[in-house]
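See structure below.
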Amino acid sequence: MIESLSNLGMACQIRSLRWMLVCLVVCGSVSAGPIDFSRDIRPLLSDRCFFCHGPDGEERKADLRLDLEEAAKLSRSGVAAIVAGSPEKSELIARIKTHDRDDRMPPVDSGKSLSDEEVALLERWILEGAPWSDHWAYKLPERRPAPATEETGWGQNWIDDWVLSKLEERALAPSKDADPVTLVRRLSFDLTGLVPEPETVASFQNDPSRQAYGRLVDAFLESPQFGERMASYWLDLVRYADTVGYHGDQDHNISPYRDYVIDAFNENLSFDQFTIEQLAGDLLAEPTMDQLIATGYNRLLQTSHEGGVQQKEYLAIYAADRVRNVSGVWLGATMGCAQCHDHKYDPITSKDFYAMQAFFSDVDEVKHFKNGTNNLPTRREPEIEVLSKRERLVAAMIDREIESVSKNLVVPGTGDGSLEGSPRLETLRALKKRIEGTKRKVMVTQSVEPRTIRLLPRGNWLDDSGPVLQPAVPEFLGELKGAADQRSTRLDLARWLTDAENGAGLLTARVFVNRFWFLMFGSGLSRSLDDFGGQGEPPYHGELLDQLAIEFVDSGWDVKHIFRLIAGSRTYRQDSLETEGLRTRDPYNQLLARQARFRLPAEAVRDSLLQISGLLNHEIGGASVKPYQPEGYYRHLNFPPRKYKAHSDGQQWRRGVYVHWQRQFLHPMMAAFDAPSREECTSQRPASNTPVAALVLLNDPSFVEAAEAFAKRIMEFGGPEPEGRLRFAFQQALSRDPDETEIEILSRLLSGPGNDLGESEKQHWVSVARAILNLSEAITRH
Amino acid sequence: MNEQKINRRTFLQRSGLNLGTAALASLIGAERPKVLGSTTGVPGLPHHFARAKRVIFLCMAGGPSHLETFDYKPTLAALDGKPMPDSYTKGQPIAQLQGTALKCQGPLTQFKRYGQSGQLVSDFLPWHAKMADEIAVVRSMVTEQINHDPAHTFMNTGTGISGRPSMGSWINYGLGSESSDLPGFVVLTSVGGRNPQPIASRQWSSGFLPSRYQGVEFQASGDPVNYVKSPKNVTTLQQGKLVKTINQLNMHRNRRLQDPEVETRVAAYEMAFRMQMSVPELMDVSGEPEHILEMYGANPGDGSYASNCLLARRLAERGVRFIQLYHRGWDHHGDLVKYMNTCCGLTDKPTWALLTDLKQRGMLDDTLIVWGGEFGRTPMYQGKGGPGRDHHIKGFSMWLAGGGVKGGSQYGATDDLGYHAVEDIVHVRDLHATMLHLLGIDHRHFSVPFQGLDMRLTGVESSRVVNGILS
């Protein structure tokens, strides 16, 4: 630093010296280089100034807006907040730097302040002409060619060009490739939520070629476990649960919707169609059974079946809930803020909030006020009785078989009567009957006469003084093109959300490729997965995000294509080790000079440990399942009082995505590993690391039983020698051999002091199995 | 009870371990905890001298009637059976009485003045009467949610919207925990009383704060904490050895992986094992002297409010920052007299015992006790069975006692019929601001960024510290 300073020479003016200093300070983080308004300046103004000088007209002070360029630069009586080129003439800077406590901005009592570096950054930006640009997320992305890089042998696809060029700007090199075992585990966890089979690992170790890697990616994407893994994430977003959420938290009928989501991801249903079917499948011409099931989306919100709820109040609560969810899921917008006032940071008005509600005012949601009894499941009509797609496929196969068997049996002139004796036919019919018997009810959307939606002043549902609103999209995002005299529908909204030409399609695409990136890197390109507004974090790799969004749209909203693209990049294949140097230079890994490591999500923890033990039941779809749960865990539920009966058969060992989701008392294992209650849209779960989670893996009977099963497998397939058995166990759980120290440590569980309490050999191995299932490595993706 | 004690001792002896928790913890090589209940709090907090170090929140779930506890309304008595004046109820939210003719229901009990302060306490609460000079009664509470579940959410988080942290989580986040082997936020829910309203785990959720701040529920029957017992046939010694093995393997592997999360996990396993010792020790009250058990009216292991009050004291002694007791059954739409007798019978004396016991141990000075429901009850009659009252949010009573609170004081008032709080109104947000103030926290400067906003327990609306009840 001292050397660099002396290099500047005496010719530097004092002011520019300070800027150089700023630059040197800022260079330590990744936000150095040319100032980007969207990335560097707007977030500062938003966080420190917009609360009083932003979009919310009611709170605005001094009639000054800093969220609009024109207003911010407007000279009023010779004074302007920002005078381009002249920080010393800009009132903004003067007020920030004044020592007068009364004049100081941000106000002393706001709890906000600006660091010296931030002030210097604002000064430099103004000096450079205070260039303005639209908010990054609401600006249309443009297709751009990937940048050239000096190093040309590293990249595998254009994602890498964007990443590498930024790394080269910083004189950084990407990390080396992860070793084949790490890679295959990473892919397996990311794309299927499961630990890979030892055979898969071995085969990739033998041939870790690019082609073999590509085949591996395809195999994982084509496995039905991909849909289950994606569903776990989607169900968090749309707040899917098996119970109503409020008060009595009764069960409701919804599991076929979950199966629809799994099937949709497995069949790679295009994302725009996926959107349309969920929001408005019922409004399509001659909707299919699956499209009707998809409309369960509009019914996923929490409802209250408490005696004494005021219908009007709850309809207002439900309407707000829907807006929060649809805007959070598809637009990455925090529209909920505009329920009581115009948004503080984004150009979302209260009117926008209520106009959005109006799209959903035709959804039939009043029947439960009358019929929603304290039974299990409660009633939330409209509901239909359905077979899932899978079940229907099997039923159709049986039908065909019945038909062909019947044909062969029919002897001309004898009629149908002779068929009755055929044992095969009887089996088939019995099978058919059994399948028909698995029909499940599911809540669906039925369109009724739309309720009147008013703007509620301060969100007060008792206040009928606000204007009546028609369905409309947020004004700053454009408007729906359609016949002026016709009321817009949910179908119009769904199409607008995925219309890249005239709607919000590219915003939706950005929001989702960012989330797909998150699923493959543990962090989004913008780390704010749920807020693409002014307070969200602008992506460091903004261009890359844009190109991925365009690619998503151009591919026909092909979800698997995006995952294949990301998995195919060299960026994805990097080692995840965080070196000391990288930790200092890029603590949040925004530059992507390495991969990431993180604890598996709750479902993957459960599923992988069960898989290792050999207990996992791979069955797909069906009614929700109930694993062991501590006795009395539902003791506080009432109306009706709840009895929990764990499945005693193989259903006990189904994947986490099928576990009964009780909003008020989520299964304690899932809760301990941060699965959300699904009351609101969750795009990113925290990754805690707590004693409560340790207690689960140590003592939850599911995992104790899993350890017992694992021990049995170890003894059966690991050979007679302890070392061989430990190798077998490690390969199952960690896809590698134990080293000498690990063998030595684990061997102490097999013999030595403290274990002469009459344990049998089996019990020794159960201890070993428990130890391995509790290892950090077993539940961490590297 | 003696049998239990002996069993536990013999068990320890049989495992060759006539030792305390500390010694057992050393089994796994954890002499000093690496994570103090996981947290040390936010730098810069407390903002000012803290009058209270911990909180015991006695939540009377269902909503006790203010009109039969602390808010005496002779005018309402005079109007008993007459139509409720329209001027009070027009345009107001109504729960179960929607669309019915509203009539006044006079107080269903007598009130007397007690103590030097002359605090008005109803006949339902003879033991509260004995501590009239210790408690500060707020008679002008208001809340915004009229149904149980969202009203609890509002009382705990300051908003009816799900996903926000509960006050116990806020306080542990801000101040950290003082316990190395117990969670900093513990919830106990008692049995007994009438058909109880459900209570959801979101009431002790940490919301957007890290999940280590969430409340942990302790229960009297079954495992005191979920999964706190080792599996069948596994001795403490074996479990300790297992945990030690896991930690050794993790630390060994981490030399290569250099993952800071592994260090946290090692600490978490140590704490988990310590909890396996400390939680049963805490829950086992068989060592408490007979006169203390009698004072509370506690039968160990019965899950009663009395037992939970005793546990609350034990938790407070062990440094737990926020202890929340729920007693359900206060939802008296009908047969109010009968059910008030039940509820008060179960809670009145134990509450007195808790306060008195803390006082005699010198702990009341730095413990804040808060008593109240999620709302009050209507001055209007509701008759499911005998006379009762509906949910009411525009005026109700709560009390505070202990560190920094002016005992024997009364604050605020409702109108003549006990409908609207009219004098010195205390919103739930003001209660939160006051609690934080007593804990040394300025509510205006205690925020966490979430979804672009600086979230506060007290929200964005203005709120104030209720100085009138502070000593």
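FYI, it's all coordinate maths here, none of it is from the lab. Quick caveat, the model's predicted, so the values are computed rather than measured. A quick note on method: Cβ atoms are made from the backbone with ideal geometry, for glycine too, and the neighbour counts reach across all protein chains shown.
Cross-link pairs exceeding 28 Å between alpha carbons, from the set B:Lys359/B:Lys394; A:Lys176/B:Lys241; B:Lys130/B:Lys406; A:Lys344/B:Lys53; A:Lys712/B:Lys244: B:Lys359/B:Lys394; A:Lys176/B:Lys241; A:Lys344/B:Lys53. Candidates B:Tyr296, B:Gly91, B:Ser230 compared by Cα position along the dipole of chain B: farthest toward the positive end lies B:Ser230, with charges placed on Cβ. Note on chain B: with charges restricted to the Cβ of Lys and Arg (+1) and Asp and Glu (-1), its dipole about the Cα centre is near 1100 debye.
Modelled this way, with points 7 Å down the Cα-to-C-beta line, the labels at A:Lys433 and A:Arg143 are 5.9 nm from one another.
Counting only alpha carbon atoms, the long axis of helix A:559-568 and the longest principal axis of chain A meet at about 70°.
In this simple spin-label approximation, A:Arg487 and B:Ala77 carry label points 7 Å from Cα along the Cα→Cβ vector, and these lie 5.6 nm apart. Basic side chains Lys and Arg get +1 at the Cβ, acidic Asp and Glu get -1 at the Cβ, and with that the dipole of the range A:34-128 about its Cα centre reaches some 140 debye.
Equivalent-ellipsoid semi-axes for the protein assembly as shown (Cα gyration tensor, √(5λ), whole Å, largest first): 46, 41, 37. Summarising the amide proton neighbourhood of A:Val659: residues at separation of 5 or more, or on other chains, whose placed amide H is nearer than 5 Å comprise A:Val625. Kirkwood hydrodynamic radius computed over the range A:241-383 comes to 16.3 Å, based on all pairs of distinct alpha carbons. Per-residue 3J(HN,Hα) values for the range B:68-78, derived from phi via the Karplus relation 6.51 cos²θ - 1.76 cosθ + 1.60 with θ = phi - 60°, read 10, 10, 10, 10, 7, 10, x, 4, 5, 4, 5 Hz in sequence order (x marks Gly and Pro).
For the pair A:Asn157 and A:Glu401, label points projected 7 Å from Cα toward Cβ lie 4.0 nm apart.
Here is the size of the range A:314-412 from its Cα atoms: Rg then Dmax, 23.6, 80 Å.
Over the range A:444-530, all Cα pairs binned in 5 Å intervals from 0 give whole-percent P(r) values of 3, 11, 15, 15, 16, 17, 12, 8, 4, 1, listed from short to long.
Lys/Arg Cβ at +1, Asp/Glu Cβ at -1, dipole of the protein assembly as shown taken about the Cα centre: which of A:Val83, A:Ala693, B:Thr189 is farthest positive-ward? Sorting the options by dipole projection puts first B:Thr189.
Our note on the geometry: Cα centres of the range A:125-170 and the range A:578-605, 21 Å apart.
Across all directions, the average flat footprint of the convex hull enclosing the Cα atoms of the range A:196-285 is 8.6 nm². By the Kirkwood approach, averaging reciprocal distances over each pair of separate Cα atoms, the range A:34-128 gets a hydrodynamic radius of 13.5 Å.
Calculated mean residue ellipticity, 222 nm, chain A: -13500 deg cm²/dmol, from DSSP H runs (n ≥ 4) at -39500 (n - 2.57) each, averaged per residue and rounded to 500.
Could you check how many percent of all C-alpha pairs in the range B:258-322 are farther apart than 21 Å? Tail of the P(r) past 21 Å holds 38 percent of the pairs. Report note on the peptides A:396-403, A:528-535: ranked by the mean count of other C-beta atoms within 10 Å, highest first, their order is A:528-535, A:396-403.
Legend: calculated FRET efficiency, A:Lys89 to A:Glu479, from the Cβ-Cβ distance at R0 = 51 Å, rounded to 0.05, equals 0.80.
For chain A, a crude dipole built from +1 on the beta carbon of Lys and Arg and -1 on the beta carbon of Asp and Glu, taken about the Cα centre, is about 1100 debye to the nearest 20.
Would you mind checking the tilt of helix A:350-359 against the longest principal axis of the Cα atoms of chain A, expressed as 0 to 90 degrees and rounded to 10? The helix A:350-359 is inclined about 30 degrees to chain A.
Please work out how much length the chain gains when fully extended from A:Lys176 to A:Glu744, using 0.36 nm per residue of separation minus the C-alpha to C-alpha distance, in nm with one decimal. Additional length available on full extension: 201.3 nm. Helical runs assigned H by DSSP (4 residues or longer) give chain B a calculated mean residue ellipticity at 222 nm of -10000 deg cm²/dmol, each run adding -39500 (n - 2.57) before division by the residue total.
Here r is the Cβ-Cβ distance between A:Ala219 and A:Asn371 and R0 is 45 Å; the resulting FRET efficiency, rounded to 0.05, is 0.40.
The C-alpha atoms of chain A define a longest principal axis, and helix A:158-169 lies at about 40 degrees to it.
Percent of Cα pairs in the range B:133-189 per distance bin of 10 Å, from zero to the largest separation: 20, 35, 36, 10.
Eigen-decomposition of the gyration tensor built on the alpha-carbon atoms of the range A:597-782 gives equivalent ellipsoid semi-axes of 32, 18, 15 angstrom, largest listed first.
Size descriptors for chain B, from the alpha-carbon set: Rg then Dmax equal 23.5, 80 Å. Simple rule: put +1 on each Lys or Arg Cβ and -1 on each Asp or Glu Cβ in the protein assembly as shown, find the dipole, and look at A:Val181, A:Gly522, A:Ala729; the Cα lying farthest toward the positive end is A:Ala729.
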